[in-house]
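Below is one structure, written out as structure tokens; comments come after it.
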């Protein structure tokens, strides 16, 4: 089926404009490359909870987990249900309830919207965004993209009859994770989940936790899923401590040491 025709049919069934939702579909340099926007201090927390993005699962952190655990942190990766933003947030909060103390909450891509909402939990000491959306109150991931050009990866979204979305094999290989090995790209393609466009990527955040919690941001300068300019803009809006990595949309897989060091520094060396 022609992708524009398919997306047009899906959009007519929903109440969202094409640009507002489709541009917000994600979901999924040197170590300290460019200037940081603030002098945020380490949080000195022991627990780190990792939240994946769209078209991914907890295994997207499989290179980060051992690096952080080697540093002495207790690390947990959640698995989002990909039904609604509210369900995804509830999943994260159930994980937070099991932690034995303050938590650094980390989100990739669409996972940034999830941690923005879930981050108001009293156990959350700070937030780390990895090439991620960081909506404001009454704003969705799709809303954030309204004023930015469509990325190549968005063109590879394939909706089904119920409005759930997947990436094409080409989209994974050339746009989502072009700097990974062929075997790694194949694993992402085979394991990706279907994302609910209007119920997740179009859902508005009610409480933007970054307004009250210390925030940190990794900009992926070669991202073909979310515009790097958008990533820089939300990092600046949050006054987040920021680094840039010359990476695709998945720096935690293509540059795991840099990402783990940044997360570890935010949490505070153990």
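Just so it is clear, none of the values below were taken in a lab; they were calculated from the coordinates. Owing to the predicted nature of the structure, the values given are computational and were not obtained by experimental measurement. Every residue, glycine among them, receives a Cβ derived from its backbone with ideal geometry; neighbour counts consider all protein chains shown.
Tabulated data for the structure shown
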quantity: Span per principal axis, largest first, for the Cα atoms of the stretch 160-270 (Å); calculated: 41, 35, 28
quantity: Reduced Cα scattering model of the stretch 79-127, Debye log10 I(q)/I(0), q = 0.19, 0.25 Å⁻¹; calculated: -0.52, -0.90
quantity: DSSP beta bridge pairing in the stretch 3-267, given as percent antiparallel to the nearest 5; calculated: 20
quantity: Principal axis box of the stretch 3-267, alpha-carbon based, largest edge first, Å; calculated: 51, 38, 32
quantity: Extension gain from residue 174 to residue 97, taking 0.36 nm per residue of separation minus the Cα-Cα distance; calculated: 23.9 nm
quantity: Extension gain (nm, one decimal) between residue 155 and residue 204, 0.36 nm per residue minus Cα-Cα; calculated: 15.3 nm
quantity: Radius, Kirkwood style, for the stretch 213-270 when every pair of distinct Cα atoms is counted (Å); calculated: 11.7
quantity: Exposure proxy order (Cβ contacts within 10 Å, fewest to most) of 70, 222; calculated: 70, 222
quantity: Per-residue Cβ neighbour rank within 10 angstrom, fewest leading, 195, 49, 106; calculated: 49, 195, 106
quantity: Separation of the residue 162 and residue 44 label points, Cα + 7 Å toward Cβ, nm; calculated: 4.9
quantity: Footprinting exposure proxy for 116, 242, 76, 95 (fewest neighbouring C-beta atoms within 10 Å first); calculated: 76, 95, 242, 116
quantity: Extension gain (nm, one decimal) between residue 191 and residue 137, 0.36 nm per residue minus Cα-Cα; calculated: 16.2 nm
quantity: Cα centroid separation, the stretch 168-220 to the stretch 226-270 (Å); calculated: 14
